[in-house]
Amino acid sequence: RGKDGKHKVRMPKLRVVRENKDKRKSIGDVERNIFKFKKSSEEKSKKMEKEEKFFRETFMYQKEIRVLATATAGCSVPSRRRADLPVTAGEQLEVIDAVQGHAVICRNAQGRYGYVLVEHLNFR
C-alpha cells in the first residue's frame, strides 16, 4: 500500500433530491404569472410618466411630444451633464425636437430624454 493509502480521505456521496420533471403548474400559478406581467407593465408606464414629467420641467417643453424621426446611434457617448442623453452604439433613438443647431432632443427605449449631437446619429 505505501504512504498514499494512509493519507487518502474518502468523501461521502451527497444525495440530491430530484423533483418530478412532469410536475405541471396549477391554474393558480398561471394566473399569478399574468398578474406579474401586468404589474411590471404598470411599473414601466409609471416610470415613463415620471421621466416625461422630469423632461418637461428640465427642458421647459410645453409642446406635444411627437416623434419626428427614428435614428440609430453611430457610437457610444457618455453624458457629461443631466441634460445630455448617454447613448450606446447601435441604440435606437426617437428624435423629438431639433431645438439647437447641432443637437436634437431624443428619447431612448427606457423613456429617458436628453440632448444628442447630430454627428453621433445615423438617420434612415
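When residues in the range 89-124 are screened for being under 21 Å from LYS44 (Cβ atoms), open to solvent by 80 Å² or more (accessible area, probe 1.4 Å) and out of contact with any strand residue (DSSP E or B) (no Cβ under 7 Å at 6 or more places or on another chain), 1 of them pass.
Scanning the range 54-88 for residues that are open to solvent by less than 60 Å² (accessible area, probe 1.4 Å) and touching a Ser or Thr at 6+ places or on another chain (Cβ under 8 Å) gives ALA73, ALA83, LEU85, PRO86, VAL87. With respect to GLU57, determine if the residue is more than 25 Å from ARG124 (Cβ to Cβ), more than 22 Å from the chain's Cα centre (by Cα), at pLDDT 60 or above and part of a helix (DSSP H, G or I). Yes: the conditions hold for GLU57.
The values are calculated or read from the model by the stated rules, or taken from the named source; none is laboratory data. In this text, all values refer to a predicted model and were calculated from it rather than measured experimentally. Heads up, the Cβs are rebuilt from the backbone with ideal geometry, glycines too, and the neighbour counts pull from every protein chain shown. These accessible areas exclude ligands, DNA and RNA; they are computed on the full protein's heavy atoms, side chains included. Shrake-Rupley method; radii C 1.70, N 1.55, O 1.52, S 1.80 Å.
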